[in-house]
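Colleague: Please see the structure below; I have some questions.
The values are calculated or read from the model by the stated rules, or taken from the named source; none is laboratory data. Please read all numbers here as calculations on a predicted model, not as lab measurements. We place every Cβ from the backbone using ideal geometry, glycine too, and count neighbours over all the protein chains shown.
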Amino acid sequence: MSDTANLFNDKSDLYAQARPQYPADLFSYIKTLAPNTNSVWDCATGNGQATVGLSKIFDHVYATDISGEQIANHLDVENVTFSVSPAEHTKFDNNMFDLINVAQALHWFNLDKFWPEVRRVLKPGGAFITYAYIWFSVSPEIDALVESEVRAVIDPFWAPNNQLAIDGYQDVNFPFEKLDVPNFDIKVSWSCEQMINYLHTWSATRRCMDTQGTTFFEHARSLLEQAWGDPNNVKTATSPLIVIAGYPDKT
C-alpha cells in the first residue's frame with residue numbers, strides 16, 4: 001500500500017464526519033461544462049463529499065479512491081459506483097466519461113501519469129475540473145488561535161504535495177487552456193467540536209502528532225473552546241475555492 005493510501009486510511013471515519021460539503025453553485029457551474037451528463041468520474045473521491053453534488057447532475061457517478069478505508073466510509077449516494085483505484089491507472093474503458101472531477105486531491109497525484117489517463121477515459125469534448133479549499137476563516141480571534149496554536153506548530157509537517165494546493169496550483173502544468181472560472185466560496189456551519197475535528201483531519205496535524213505527541217493539539221483545543229464560548233454555538237466558516245477547469249482535447 002502506498003504512503004498516500006496509508007495517510008488517508010488514517011482517521012477516515014473522522015474525515016467522513018468533519019470534511020465540508022461543496023456549494024450548490026459550484027455544481028451548477030459544473031453542469032455547464034459537461035457536453036452530456038451520462039457519466040462522470042469523481043477521482044480521489046475520499047468518502048464522497050463531491051459525489052453528492054455530482055450525483056444530482058449525472059446519470060451515473062464512478063467514484064474512486066486509492067484508500068480502501070475512505071471508500072469503506074463513503075457517504076450513501078444513489079447512482080454511484082464506489083471502487084478502490086489509483087488515479088493514474090484505472091480499469092475504465094476508453095472515452096467513457098463526459099467529465100472528470102477531482103476535489104481536494106490533485107496535489108497527491110503523479111501528474112505525468114495522471115494526464116494520459118485523463119485523456120484516455122474522457123470522451124472527445126469532455127471536461128476536466130479540479131478544486132480545493134485551504135484555510136477557513138471563522139472570526140479574527142478564532143483565526144488567530146488556529147494560526148498560532150495549530151498552523152504554526154504543524155507547518156514543518158506539510159508534505160510538498162500540500163504546498164501545491166496551498167499555492168493555488170500555480171506550479172502545476174495543466175495540459176489544456178484554463179477557462180475563466182467564477183469565484184466560489186465554501187461555507188460550513190460548525191460547532192467548536194466540528195471545527196476541531198476538521199483541524200484533526202489535516203495530514204500535517206496527524207504527522208505532527210505522530211512525531212511529538214498530542215499535547216500541542218489538546219492545548220489548542222482548550223484555547224479554542226474558551227474563545228468559542230458556548231460549545232453548542234454554531235459559527236459560519238468560509239474559505240475561497242481554488243477552481244481550475246478546461247477541455248483536455250483542446251490544448
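Colleague: When the residues of the range 54-85 are filtered to those that are at pLDDT below 90 and of a type in the set (Val, Ile, Thr), which remaining residue is nearest to Asn38 (Cα to Cα)?
Modeller: Val77
Colleague: How about the range 144-165: which of its residues are in contact with a Ser or Thr (Cβ under 8 Å, 6 or more places away or on another chain) and within 14 Å of His200 (Cα to Cα)?
Modeller: Selection gives Val150, Ile154, Phe157, Trp158.
Colleague: State whether one or more residues within the range 226-237 are surrounded by 18 or more Cβ atoms within 10 Å (Cβ to Cβ), assigned to a helix (DSSP H, G or I) and among the aliphatic types (A, V, I, L, M).
Modeller: Taking every residue of the range 226-237 in turn, none turns out to be surrounded by 18 or more Cβ atoms within 10 Å (Cβ to Cβ), assigned to a helix (DSSP H, G or I) and among the aliphatic types (A, V, I, L, M).
Colleague: Show the residue pairs meeting these rules: Cβ distance below 7 Å; 6+ apart or different chains; first residue within the range 177-194 and surrounded by 12 or more Cβ atoms within 10 Å (Cβ to Cβ); second residue of a type in the set (Asp, Glu).
Modeller: Qualifying pairs under 7 Å: Phe184/Asp25; Cys192/Glu225.
Colleague: Taking the residues in the range 177-191 that are at pLDDT below 95 and of a type outside the set (D, E, K, R) as candidates, determine which candidate is farthest from Thr130 (Cα to Cα).
Modeller: Here the residue is Ser191.
Colleague: Test Asp25 against the criterion of being in contact with a strand residue (DSSP E or B) (Cβ under 7 Å, 6 or more places away or on another chain), modelled with pLDDT of 95 or more and of a type in the set (D, E, K, R), and give yes or no.
Modeller: no
Colleague: Only strands (runs of 3 or more DSSP E) wholly contained in the range 25-109 count here; list those with 2 or more residues that are over 18 Å from Ala245 (Cα atoms).
Modeller: The strands (runs of 3 or more DSSP E) meeting that bar are 60-65, 80-84.
Colleague: Output the number of residues of the range 120-142 satisfying the condition of being farther than 30 Å from Pro35 by Cα, under 21 Å from the mean Cα position of the chain (by Cα) and either charged (D, E, K, R) or assigned to a strand (DSSP E or B) (or both).
Modeller: 1
Colleague: For the range 67-103, how many residues are β-branched (Val, Ile, Thr) and in contact with a Ser or Thr (Cβ under 6 Å, 6 or more places away or on another chain)?
Modeller: Of the residues in the range 67-103, 3 are β-branched (Val, Ile, Thr) and in contact with a Ser or Thr (Cβ under 6 Å, 6 or more places away or on another chain).
Colleague: Somewhere in the range 138-161, is a residue exposed (fewer than 14 other Cβ atoms within 10 Å of the Cβ) and in contact with a strand residue (DSSP E or B) (Cβ under 6 Å, 6 or more places away or on another chain)?
Modeller: no
Colleague: When the residues of the range 124-137 are filtered to those that are of a type in the set (Gly, Ala, Ser) and crowded, with 21+ Cβ neighbours inside 10 Å, which remaining residue is farthest from Tyr247 (Cα to Cα)?
Modeller: Once the filter is applied, the top-ranked residue is Ala132.
Colleague: Let me ask something else. Consider the range 215-251. How many of its residues are touching a residue at least 40 places away in the same chain (Cβ under 8 Å) and over 30 Å from Val118 (Cβ atoms)?
Modeller: Final tally of qualifying residues: 16.
Colleague: So which residues in the range 50-68 are crowded, with 20+ Cβ neighbours inside 10 Å and not aliphatic (A, V, I, L, M)?
Modeller: Of everything in the range 50-68, those that are crowded, with 20+ Cβ neighbours inside 10 Å and not aliphatic (A, V, I, L, M) turn out to be Thr51, Gly53, Ser55, Phe58, Tyr62, Thr64, Asp65, Ser67.
Colleague: If the Cβ limit is 8 Å and pairs must be 6+ apart or interchain, which residue in the range 59-73 that is within 18 Å of Val121 (Cα to Cα) pairs with which residue that is of a type in the set (D, E, K, R) and buried (at least 24 other Cβ atoms within 10 Å of the Cβ)?
Modeller: Short answer, once both residue conditions are applied: Val61/Asp42; Tyr62/Asp42; Ala63/Asp42; Thr64/Asp42.
Colleague: Does the range 71-100 hold any residues that are out of contact with any helix residue (DSSP H, G or I) (no Cβ under 6 Å at 6 or more places or on another chain) and among the polar types (S, T, N, Q), and which are they?
Modeller: Within the range 71-100, Asn79, Thr81, Ser83, Ser85, Thr90, Asn95 meet the criteria.
Colleague: Continuing with this model, one more query. Mind checking which residues of the range 69-123 are in contact with a His (Cβ under 7 Å, 6 or more places away or on another chain) and surrounded by 17 or more Cβ atoms within 10 Å (Cβ to Cβ)?
Modeller: Phe82, Glu117
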